[in-house]
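Heads up: the structure comes next, in structure tokens.
The values are calculated or read from the model by the stated rules, or taken from the named source; none is laboratory data. Owing to the predicted nature of the structure, the values given are computational and were not obtained by experimental measurement. Cβ coordinates were reconstructed from backbone atoms using ideal geometry, including for glycine residues, and neighbour counts include every protein chain displayed. Note: accessible area is taken over every heavy atom of the protein model, side chains too, but ligands, DNA and RNA are not part of it. Shrake-Rupley method; radii C 1.70, N 1.55, O 1.52, S 1.80 Å.
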Amino acid sequence: MPTTATDTDRAAEADRAAEADRATATGSAATGPTTARRICPLCEATCGLTLTISGTRVTGVRGDRDDIFSRGFICPKGASFGELDADPDRLRVPLVRENGVLREAGWDEAFDVIARRLPPILAAHGPDAVGVVLGNPNVHTMAGGLYPPLLLGALRTRNVFSASTVDQMPKHVSSGLLFGDPYAIPVPDLDRTGHLLMLGANPLDSNGSLCTAPDFPGRLKALRKRGGTLTVVDPRRTRTARLADRHVPIRPGTDALLLAALAQVLFAEGLTDLGHLEAHVEGVAEVESAVRDFTPEAVAEACDVEPGLIRAMARELAAAPSAAVYARVGGSTVAYGTLTNWLVDVLNVLTGNLDRPGGAMFPLSATVPALRPAGPGKGFALGRWASRVSGHPEAKGELPVAALAEEIDTPGDGRIRALVSIAANPVLSAPDGDRLDRALGGDLDFMVAVDPYLNETTRHADVVLPPPPPSQSAHFDFAFNGFAIRDQVRYTPAAVPLEEGRMDECEIHARLILAATGVRGTAAPDDVDALAIDRTLARAVTEPHSPAHGQDPAAFAARLTGRTPAERRLDLMLRLGPYRLTVEQLLAHPHGIDLGPLRPRLPQGLKTRSGRVELFPDPIAADLPRLRTALDETPARLVLVGRRHLRSNNSWLHNIPALNRGTNTCTLQVHPDDAARLGLTDGAPARIKGEGGELEAPVEVTDAIRRGVVSLPHGWGHDRPGTRMAVAAARPGVNVNQLLDGTRLDPLSGNAVLNGFPVEVSPVG
Ligand SMILES: Nc1nc2c(c(=O)[nH]1)N[C@H]1C(S)=C(S)[C@@H](COP(=O)(O)OP(=O)(O)OC[C@H]3O[C@@H](n4cnc5c(=O)[nH]c(N)nc54)[C@H](O)[C@@H]3O)O[C@H]1N2
Ligand SMILES: Nc1nc2c(c(=O)[nH]1)N[C@H]1C(S)=C(S)[C@@H](COP(=O)(O)OP(=O)(O)OC[C@H]3O[C@@H](n4cnc5c(=O)[nH]c(N)nc54)[C@H](O)[C@@H]3O)O[C@H]1N2
Ligand code: SF4
Ligand SMILES: [Mo]
């Protein structure tokens, strides 16, 4: 294993830095105001924040200049951390439904209700009678990283849904097929690349996704300053597109065609050069023949991109000293989402840019198990089971969240009768929220929500378990360190002690597991963690590549440190990880430990059956004919795409006054020519009609969007009764996902099509 020496060096380096940090901390402790560090949980950039704390309140927030990764960067969302933390609408104590009405309750009572009502449903109807829906913030909390796998393991239900199927599931499927590991997601080596081809992403507003890079805007500017180039493919002239050398305003939903044509040009002009990848990739010839028909001329009309420009893009990609192709939400939540994501990495492979500095590289997080030596793996299976009603194949153990409503409201054996919702708001985030809203309200026997707010989804719960505000929670990024453009690790313990009557979210999850599986009274929440530690160690000691190999599991467990069960589990993961770190080391480095730039690792880390990158997997081959039909389809006259605003985060930050104002509005963006054609006026309401329903929203005429495309943001529609988010309700907006009926999916991943679907728009009145 070539990395061992380096890893030991890095650990030693970390220890030296810790000494220095300890010295500084002691020197300044007596003088400074009360400040604490907190990693921001509000987007994937994971910036380090410095909180000013008066009593138990967060009274100031700034970027932590000493953070080894974010170096002081902060955005308006991070700056609102104090307001978010102290939002008076946050629930303080559990709610329990009695005679149809939610009332406040104690923690023991809330868990008792769950223990009384959930297990009998499972006993009577089997494990699939409970559905679990996991929302996006689970990847932004420690609890969400540590406990849902245990909950799912205990419940053994196949009805698992998450925000992944309205987001990045196509990337997981593509990576699963190519590399045998759905979590092996290459990220652009942003700080070193010479050319970035970015499709369907707008990091100047989103701050980046599946590419954790604090100060993404600054890093893009630096790329151009060092002579690199940026091409942005987006139907809207976004703030990111404005920064680019080239903006390609593609017709929505056609990126797979564009990328296939780029590959075709590389082959046709002899521009492929796998370089160091040659020995590790199979299927190149098959890809060559598969893309042969997708010439620039063949795709030009569908994509509305000139053949000459497509050729120029391909040549530029091949000629760059290093380059990375990167696609995000606009390349994922589309009809050919998996094919698009596959083609992204096909191009990274064909140009020799996968797994090399400046290209698209695999991060190595400190909490993933140490990599085993290269060799054949188990491979990645899709469709091991299917959803009951529509027969959607499972992907990565999940069913499409777009099918959640029908799994609840369609009678029959295997129907979901109880739902556990953790940090999710599918009534707004998934297609056809009205149907789900009705199903949650009318067809469920029991629902539990772990959520700080009473919102469009959680208002249907029988028990709501509210986590404390973020200042009172410790933070570690289990997910995003694995997508970061630099290997690094940071941990922030709770900045403020847990308020009286609050329960840490980790304990909420642990108790939920106990209550849901029917264990009452005897087992303590810590037992859940102890069991998880025992199981992990039992396996690790048998694995030759594990740092625990051959050791006594009990002795190893006894060495773990940490003041909470979650910290001890973090300690275990760190010790079993590739850098063999400990929680103690993390605590000694409050600003983080830099583990260096990303390093090439192939063929290590591949888990395909062949032990190589399988460039032309069967499910992809089977889906390609569908893409071919797109060449001959007449494009819809008008399609809708989404957009994100810097001052938002999906559906749940509209309750923060500092964020819900100004240009963060739920308007329908329309190109001036379309506005004239359709008789729409800036500021006046328009009626938007889709397959799933109709909405009215004010028109915003702008030439920043291409002709034939309108844009409406998601996460709005806060006008349902029974919610408790006063600021959001005062400026509700409309729910764009009501335009969808939930039937448009990318078939391989089950991901919903949220971009590029047909709509009709007309003036109101
Ligand atoms: N049309 C359209 N729809 C989209 C998208 C789009 O681009 N267009 N984007 C999609 C994407 S990328 C995503 S990720 C999904 C998101 O979909 P969801 O995850 O369903 O929605 P969020 O709005 O992120 O809701 C998160 C919930 O978590 C709660 N929450 C916040 N903090 C915490 C916490 O610390 N602990 C717990 N337990 N709960 C917490 C919030 O109160 C809220 O109820 O939406 C998707 N929907
Ligand atoms: N401020 C803010 N930040 C966020 C979030 C937020 O809601 N607000 N959400 C977070 C989450 S959950 C996620 S997943 C990330 C998402 O991060 P990004 O993917 O960077 O964010 P989006 O704004 O959804 O960018 C998608 C872009 O794709 C374009 N697009 C739409 N359809 C197509 C198409 O067919 N082809 C191409 N090429 N482009 C298309 C849209 O115009 C849009 O500019 O952001 C995260 N960060
Ligand atoms: S960029 Fe993201 S992580 Fe950084 S401060 Fe803003 S919301 Fe927080
Ligand atoms: Mo997302």
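The condition of being under 30 Å from N207 (Cα atoms), at pLDDT 95 or above and more than 16 Å from ligand 2 (Cβ to nearest atom) holds for only one of A285, A298, A318, that being A318.
Look at (1) under 29 Å from R511 (Cα atoms); (2) open to solvent by 40 Å² or more (accessible area, probe 1.4 Å); (3) at pLDDT below 95 and you find that G414 fails only one, number (2).
Pick from A636, A697: which is among the aliphatic types (A, V, I, L, M) and open to solvent by 40 Å² or more (accessible area, probe 1.4 Å)? Selected residue: A636, the only one of A636, A697 that is among the aliphatic types (A, V, I, L, M) and open to solvent by 40 Å² or more (accessible area, probe 1.4 Å).
Among residues of the range 442-471 that are more than 13 Å from P137 (Cβ to Cβ) and in a helix (DSSP H, G or I), those with a beta-carbon under 7 Å from a residue that is among the small types (G, A, S) and away from ligand 2 (no atom under 16 Å from the Cβ) at least six positions away or on a different chain give the pairs R459/G722; H460/G441; S471/A495.
Among the conditions (1) open to solvent by 20 Å² or more (accessible area, probe 1.4 Å); (2) at pLDDT 95 or above; (3) at negative phi, Y491 misses just one, which is (1).
Select from the range 106-143 the residues that are within 16 Å of ligand 4 (Cβ to nearest atom) and in contact with a strand residue (DSSP E or B) (Cβ under 8 Å, 6 or more places away or on another chain) and write down the one among them that is farthest from T367 (Cα to Cα).
Restricting attention to the range 106-143, the residues satisfying the condition of being within 16 Å of ligand 4 (Cβ to nearest atom) are 133-141.
Applying the additional criterion that residues be in contact with a strand residue (DSSP E or B) (Cβ under 8 Å, 6 or more places away or on another chain) yields 133-135, 138, 141.
On the way: V133: 25, L134: 21, G135: 22, N138: 17, T141: 15 Å.
Here the answer is V133.
Just one of the listed residues (T50, T56) is among the polar types (S, T, N, Q), more than 16 Å from ligand 2 (Cβ to nearest atom) and open to solvent by 20 Å² or more (accessible area, probe 1.4 Å), namely T56. For the condition over 24 Å from the mean Cα position of the chain (by Cα), crowded, with 17+ Cβ neighbours inside 10 Å and under 21 Å from I39 (Cα atoms), D67 does not qualify. Could you say whether any residue in the range 84-94 is closer than 26 Å to N650 by Cα and either more than 16 Å from ligand 1 (Cβ to nearest atom) or part of a helix (DSSP H, G or I) (or both)? Yes, there is a match, as at least one residue in the range 84-94 is closer than 26 Å to N650 by Cα and either more than 16 Å from ligand 1 (Cβ to nearest atom) or part of a helix (DSSP H, G or I) (or both).
Mind checking whether some residue in the range 140-154 is in contact (Cβ under 8 Å) with a residue 40 or more places away in the chain, buried (at least 22 other Cβ atoms within 10 Å of the Cβ), away from ligand 3 (no atom under 16 Å from the Cβ) and among the polar types (S, T, N, Q)? Checked the range 140-154: no residue is in contact (Cβ under 8 Å) with a residue 40 or more places away in the chain, buried (at least 22 other Cβ atoms within 10 Å of the Cβ), away from ligand 3 (no atom under 16 Å from the Cβ) and among the polar types (S, T, N, Q).
For the range 738-752, give me each residue that is open to solvent by 10 Å² or more (accessible area, probe 1.4 Å) and either in a helix (DSSP H, G or I) or closer than 13 Å to G690 by Cβ (or both). Explain how you work it out, then say what you get.
Filtering the range 738-752 for residues open to solvent by 10 Å² or more (accessible area, probe 1.4 Å) gives 738, 741-745, 747-748.
Once the filter is applied, which keeps residues that are open to solvent by 10 Å² or more (accessible area, probe 1.4 Å) and either in a helix (DSSP H, G or I) or closer than 13 Å to G690 by Cβ (or both), the range 738-752 yields Q738, D741, G742, T743, R744.
Quick check on this structure: which one of A314, A324 is touching an Asp or Glu at 6+ places or on another chain (Cβ under 7 Å), open to solvent by less than 10 Å² (accessible area, probe 1.4 Å), small (G, A, S) and closer than 29 Å to M169 by Cα? Just a single option satisfies the conditions, and that option is A324. Considering the conditions (1) part of a helix (DSSP H, G or I); (2) in contact with a strand residue (DSSP E or B) (Cβ under 8 Å, 6 or more places away or on another chain), D437 is excluded by exactly one of them, (2).
For first residues located in the range 76-97 and more than 13 Å from ligand 3 (Cβ to nearest atom), partners that are assigned to a helix (DSSP H, G or I) and open to solvent by 40 Å² or more (accessible area, probe 1.4 Å) and lie 6+ apart or on another chain with Cβ distances below 8 Å form the pairs D89/A726; D89/V727; P94/E109; V96/E109. Residues that are within 16 Å of ligand 4 (Cβ to nearest atom) and of a type in the set (D, E, K, R) were ranked within the range 606-649; the one that is farthest from G200 (Cα to Cα) is R644.
Right, L230: over 20 Å from the mean Cα position of the chain (by Cα), more than 17 Å from A479 (Cα to Cα), part of a helix (DSSP H, G or I) and not aromatic (F, W, Y) or not?
Details: over 20 Å from the mean Cα position of the chain (by Cα): yes; more than 17 Å from A479 (Cα to Cα): yes; part of a helix (DSSP H, G or I): no; not aromatic (F, W, Y): yes.
Against the criterion (over 20 Å from the mean Cα position of the chain (by Cα), more than 17 Å from A479 (Cα to Cα), part of a helix (DSSP H, G or I) and not aromatic (F, W, Y)), L230 does not qualify.
Somewhere in the range 262-271, is a residue closer than 12 Å to L347 by Cβ and open to solvent by 40 Å² or more (accessible area, probe 1.4 Å)? Yes: one or more hits.
Restricting attention to the range 94-107, does a residue exist that is within 20 Å of T457 (Cβ to Cβ) and touching a Phe, Trp or Tyr at 6+ places or on another chain (Cβ under 9 Å)? Yes, because at least one residue in the range 94-107 is within 20 Å of T457 (Cβ to Cβ) and touching a Phe, Trp or Tyr at 6+ places or on another chain (Cβ under 9 Å).
Can you tell me which of L615, L680 is closer than 30 Å to H280 by Cα and either open to solvent by 20 Å² or more (accessible area, probe 1.4 Å) or more than 14 Å from ligand 2 (Cβ to nearest atom) (or both)? Please lay out each step first, then the result.
Working: L680 fails: closer than 30 Å to H280 by Cα.
Selected residue: L615, the only one of L615, L680 that is closer than 30 Å to H280 by Cα and either open to solvent by 20 Å² or more (accessible area, probe 1.4 Å) or more than 14 Å from ligand 2 (Cβ to nearest atom) (or both).
From the residues in the range 242-264 that are in a helix (DSSP H, G or I) and out of contact with any Leu (no Cβ under 9 Å at 6 or more places or on another chain), which one is nearest to ligand 3 (Cβ to nearest atom)? Break it down stepwise before answering.
Restricting attention to the range 242-264, the residues satisfying the condition of being in a helix (DSSP H, G or I) are 242-243, 255-264.
Still in the running and out of contact with any Leu (no Cβ under 9 Å at 6 or more places or on another chain): 261, 264.
Details: A261: 34, Q264: 37 Å.
Selected residue: A261.
Residue pairs whose Cβ atoms lie under 7 Å apart, sitting 6 or more positions apart in sequence or on different chains, and linking a residue in the range 538-561 that is in contact (Cβ under 8 Å) with a residue 40 or more places away in the chain to a partner that is in a helix (DSSP H, G or I), are A540/L576; S546/A540; S546/L576; P547/R575; P547/L576. Note on the range 120-193: no enclosed helices (runs of 4 or more DSSP H) hold 2 or more residues that are within 19 Å of E406 (Cβ to Cβ) and within 16 Å of ligand 2 (Cβ to nearest atom). Take P137 and decide whether it is more than 10 Å from ligand 1 (Cβ to nearest atom), open to solvent by 10 Å² or more (accessible area, probe 1.4 Å), touching a residue at least 24 places away in the same chain (Cβ under 8 Å) and not aromatic (F, W, Y). No, not satisfied.
Scanning the range 187-227 for residues that are open to solvent by 10 Å² or more (accessible area, probe 1.4 Å) and either without any contact (Cβ under 8 Å) to a residue 24 or more places away in the chain or within 20 Å of T351 (Cα to Cα) (or both) yields D191, R192, G194, K221, R224, K225, R226, G227.
Can you name every one of the helices (runs of 4 or more DSSP H) wholly within the range 518-606 that holds 1 or more residues which are more than 25 Å from S70 (Cβ to Cβ) and open to solvent by 10 Å² or more (accessible area, probe 1.4 Å)? Even if it seems obvious, please write down each step before you answer.
Working: elements: 525-540, 553-559, 565-576, 583-588.
Result: 525-540, 553-559, 565-576.
In the range 672-693, the residues that are at positive phi reach residues that are polar (S, T, N, Q) and in a strand (DSSP E or B) with C-beta atoms within less than 8 angstrom, at least six apart or across chains, in these pairs: G679/S762.
Scanning the range 700-733 for residues that are small (G, A, S) and either without any contact (Cβ under 8 Å) to a residue 12 or more places away in the chain or open to solvent by 10 Å² or more (accessible area, probe 1.4 Å) (or both) returns A704, G708, G722, A726, A729, A730, G733. Applying the criterion of being open to solvent by 20 Å² or more (accessible area, probe 1.4 Å) and polar (S, T, N, Q) to the residues of the range 650-666, the residue that is farthest from ligand 1 (Cβ to nearest atom) is T663.
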